Structures are given as structure tokens and as C-alpha cells.
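Below you'll find the structure, written out as C-alpha cells, and then a few comments.
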2 protein chains.
Amino acid sequence: MKLLESIKFDSNGLIPAIAQDDATGDVLMMAWMNRESLEETVTTRRAVYWSRSRKKLWRKGEESGHVQEVKSVSIDCDADVVLLRVNQIGGAACHTGHRSCFFREVNSQGDGFIEKNDIVFDPKNVYKK
Amino acid sequence: MKLLESIKFDSNGLIPAIAQDDATGDVLMMAWMNRESLEETVTTRRAVYWSRSRKKLWRKGEESGHVQEVKSVSIDCDADVVLLRVNQIGGAACHTGHRSCFFREVNSQGDGFIEKNDIVFDPKNVYKK
């Protein structure tokens, strides 16, 4: 894919990818992509990441069914970060059941977190393994 | 800062930090923070990153005056990504003058980019060096 020639992957062949809810604008998660996952994401319009822990392609939602339908793919000025706008099927991007992975906000004293009440599902009912 | 004990910095001592416009929800940029820059960000409520190219603290807006007033700091489920909601002074986060660094969207054929028309300023008038 000619497009990918301009993308700057890091020394591990990866690029950070931010997923943003296309309807609400909420930032849902950040994960990593390699060349293959970015190409598949652009082609299939489904978000595909690279799992650094499992060292394999991570087709988001492959187990839970909670896929991310990709509405747009953008890159930043340095061509080293990807931004997806997605329709998050199932309503939650996070494996914890929270709508967004960013459910912990630093409190005003800067010494702890406030946890958001945005749980959409119980992970026990979604992930069988 | 006790809070930072739970944050997972990578092998280079860095963590990705996403800046999102607090008013519009637009994702403005992604940069990197080390422990010192995150602590200063939380304490001063101004975004401070770590410049990997210049290898020093990057107090966003220190040259242009276009600082980012920090409205909230969140971390993700794995505690290895930071999300800031900011008020972007000057209206543009990108050194190109674009409002967001993500001003290039992959076109529907997947073989090129559509550039957004969101230029706020002429960099020549902002950066003297």
C-alpha cells in the first residue's frame, strides 16, 4: 500500500494508534499497530492492532464481538501517530467494561484517582477465557 | 508524587500523552512525557512533555505562547498512556499552524490523504527561530 510508505514506524516496527468515538468524541483507547495491522485496518475498515504482549495481530472484538468500525484514519504532522474515529460496537472499548480505557482521572490534589462511572458491561459475561 | 508510583513508563522512561481539546473533543496531538514532565503537568496544570529529539523538557508553548491549560489528567486501564483535556491557547496545537496535528485523513481509496482546512496561524509569524 503506497500510503504506508510515508508512515514512520518506530524501531520495533510499531506506531501508536488512538481510537476516538466518532459519535461522542471520547478518546476510547490507545494501542499499537504494525504495518500489517494498519494496512488491514485501512482496507477492511475494522480496527486491527498489534498486541505487544501476545505478539500477534489483535483484531479488536475478535473474542467479545465488540469490533470497532472505522470511520476515518488520520495521521499526525510527523506521520508517527495514527488516529482512528470509530463506531464502538457493544459500547465499551475497555476490557474492564468501561466505555473508555481512560476511566481514571487524577484528582485535584494530585494524589489519587477519581474513577468514572461508565461501566457498560460485566467482563465476566463477555470474555469466556 | 505518590500518584506516579502506579504509572508505567516504558524502557526509555517515557509514556505517551494524548492532548484533547476540552471544549470541542478534538484530539490535538500525541507526545511523550517522562516522570518529571508528568509531575510538572499535574502540579502546574500546564502541559509539559519530553522532547525526544531535543532530549529536554518541552513546556508546550514556551516559544509560541500557545500553552495548554490542563483541565484534567487521566490514565488508561494499563496505566501506560496519559490523556490530557486542555484549553489550547492560540487555537492551534500543531507547529504547522493546524488546529490539530491530525490534519491528514486517509482518503477512501486508501492511497492518499485529504488535508483538513483548519489552519489557525502562519508558523512564520509565531516561531521566530
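The values are calculated or read from the model by the stated rules, or taken from the named source; none is laboratory data. What you are looking at is a predicted structure, and each value in this text was computed from that prediction instead of being measured. Ideal geometry is used to build each Cβ from the backbone, glycine not excepted, and the neighbour counts take in all protein chains shown.
Yes or no: residue B:35 surrounded by fewer than 17 Cβ atoms within 10 Å (Cβ to Cβ), charged (D, E, K, R) and under 16 Å from the mean Cα position of the chain (by Cα)? Yes; evaluated as a whole, the condition is true for this residue. The set of residues from the stretch A:80-107 being hydrophobic (A, V, I, L, M, F, W, C) and either at the interface with chain B (Cβ under 8 Å from one of its Cβ atoms) or without any contact (Cβ under 8 Å) to a residue 40 or more places away in the chain (or both) comprises A:81, A:83, A:89, A:92, A:94, A:101, A:102, A:103, A:106.
Does the stretch A:1-20 hold any residues that are more than 19 Å from residue A:55 (Cβ to Cβ) and either within 10 Å of the chain's Cα centre (by Cα) or at the interface with chain B (Cβ under 9 Å from one of its Cβ atoms) (or both), and which are they?
The initial filter retains those residues of the stretch A:1-20 that are more than 19 Å from residue A:55 (Cβ to Cβ), namely A:1-8, A:18-20.
Passing the criteria: A:1, A:2, A:3, A:6, A:18, A:19, A:20.
Considering every residue within the stretch B:25-34, establish whether at least one is part of a helix (DSSP H, G or I), out of contact with any Gly (no Cβ under 7 Å at 6 or more places or on another chain) and either in contact (Cβ under 8 Å) with a residue 24 or more places away in the chain or more than 10 Å from chain A (Cβ to nearest Cβ) (or both). No, every residue in the stretch B:25-34 fails to be part of a helix (DSSP H, G or I), out of contact with any Gly (no Cβ under 7 Å at 6 or more places or on another chain) and either in contact (Cβ under 8 Å) with a residue 24 or more places away in the chain or more than 10 Å from chain A (Cβ to nearest Cβ) (or both). Checking the stretch A:109-124 against the condition returns a match, with at least one residue being more than 13 Å from the chain's Cα centre (by Cα), at pLDDT below 95 and of a type in the set (Gly, Ala, Ser). Can you pull out the residues in the stretch A:87-125 that are surrounded by fewer than 18 Cβ atoms within 10 Å (Cβ to Cβ), of a type in the set (A, V, I, L, M) and more than 22 Å from residue A:70 (Cα to Cα)? Listed by number, the residues that qualify are A:114, A:119.
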